[in-house]
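The values are calculated or read from the model by the stated rules, or taken from the named source; none is laboratory data. Everything quoted here is computed from the prediction, not taken from an experiment. So basically every Cβ, Gly included, is an ideal-geometry build from the backbone, and we count neighbours across all protein chains shown. To get the accessible areas, we keep the full protein, side chains included, count just its heavy atoms, and leave off ligands, DNA and RNA. Shrake-Rupley method; radii C 1.70, N 1.55, O 1.52, S 1.80 Å.
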Amino acid sequence: MYNRRKFIQTTALSAAVVALNKSCIAKNSKINKPIVISTWDFGVAANADAWKILNSNGKALDAVENGVKVAEADVKNQSVGYGGLPDRDGIVTLDACIMDHLSNCGAVLALEKIKHPIAVARLVMEKTPHVMLAGDGALQFALEQGFKAENLLTEKSKKDWQKWAKKAKYEPVSNIENKLYDNALNAAPEKLPGNQYNHDTIGMLALDAYGNLAGACTTSGMAYKLHGRIGDSPIIGAGLYIDNEIGGATATGVGEEVVRNVGSFLVVELMRQGYSPEDACKEAVMRIIKKKKDSTKDLQVGFLALNKNGEYGAYAIQKGFTFAVCDNQKQDLIIKGKSYY
């Protein structure tokens with residue numbers, strides 16, 4: 001007869017086996033940390049600055065802020081920070097957000113005249129009870145914090161805008177910055193999104209030596225957008241999301257589609273369910289495609305994810321999406337993300 005004593009002994013033995021298995025898994029599992037990943041080829045330079053902090057046992061939050069500042073200050077980058085392409089009225093407006101391992105987060109939307117919106121976003125997180133500040137309010141806060149007002153519209157971006165304004169056709173299409181490089185500008189096949197000729201939003205995810213995650217996302221937004229338009233980049237859960245138990249995700253491309261699907265949050269929740277980073281990104285892309293099969297043929301969205309073990313992956317709608325990886329093995333790795341089309 002299966003008596004009470006036998007039941008207790010069996011239960012205790014089972015519990016011991018489970019505990020032993022967990023112990024063995026924890027002992028044998030090797031977490032790839034520290035590590036930092038970011039969107040597009042220019043993420044290599046951004047990762048390099050982030051790595052200086054991570055490799056010195058610094059915090060992931062400091063690493064991602066300093067990393068994306070490289071892209072924000074790059075005058076040749078026409079989609080992030082200084083030198084970014086303006087809206088249809090010729091005004092450069094910037095969006096950024098940042099999130100740490102404790103779910104603290106901060107963001108600025110439609111910020112003008114400030115070169116480093118990511119730094120302002122961090123101060124919104126640390127010095128206010130709010131998550132987001134927008135427009136004139138964000139600028140006022142930045143100036144109060146000692147940031148310097150600057151003209152962010154470079155001559156190059158101004159000339160490109162003036163050329164576009166002759167037709168004044170507002171048409172948000174996939175990787176619109178690429179369209180600038182037509183025959184008149186001596187276009188070349190290698191001028192793809194994210195390389196030295198052309199850029200997009202930079203999203204960065206880091207896992208530090210302490211096992212904590214953080215992320216940052218910053219952009220000048222869609223080229224020639226309506227004044228005041230906000231995409232996904234500064235919206236927590238859309239352009240960026242961090243859950244220190246599971247992992248983090250960031251997005252790039254046409255922000256409206258990412259917002260509609262709460263993309264980065266979705267990717268993290270899929271990883272919580274057991275999806276690998278790449279599979280989670282793919283499923284998030286497929287959600288977008290399933291809802292708008294026809295329109296997605298002409299637009300780009302890409303997701304990038306990093307889990308708690310330092311495993312990473314990406315997936316996009318269109319070809320051309322790349323991401324950069326920096327860890328103890330290699331500091332300048334560039335990977336071509338998989339895509340649906």
Residue match in region 301-321 (condition: without any contact (Cβ under 8 Å) to a residue 40 or more places away in the chain and of a type in the set (S, T, N, Q)): no
Pick from region 75-122, criterion at pLDDT 95 or above and among the β-branched types (Val, Ile, Thr), ranking: farthest from GLU65 (Cα to Cα): ILE91
Every residue from region 77-108 that is open to solvent by 50 Å² or more (accessible area, probe 1.4 Å) and closer than 13 Å to LYS158 by Cα: TYR82, ARG88, ASP89, ILE91
Conditions (1) farther than 23 Å from GLY211 by Cα; (2) open to solvent by less than 30 Å² (accessible area, probe 1.4 Å); (3) hydrophobic (A, V, I, L, M, F, W, C): number failed by VAL70: (2)
Residue in region 277-286 that is at pLDDT 95 or above, in contact with a Gly (Cβ under 6 Å, 6 or more places away or on another chain) and β-branched (Val, Ile, Thr) present: no
Flag for ALA216 being open to solvent by 50 Å² or more (accessible area, probe 1.4 Å), modelled with pLDDT of 95 or more and at negative phi: no
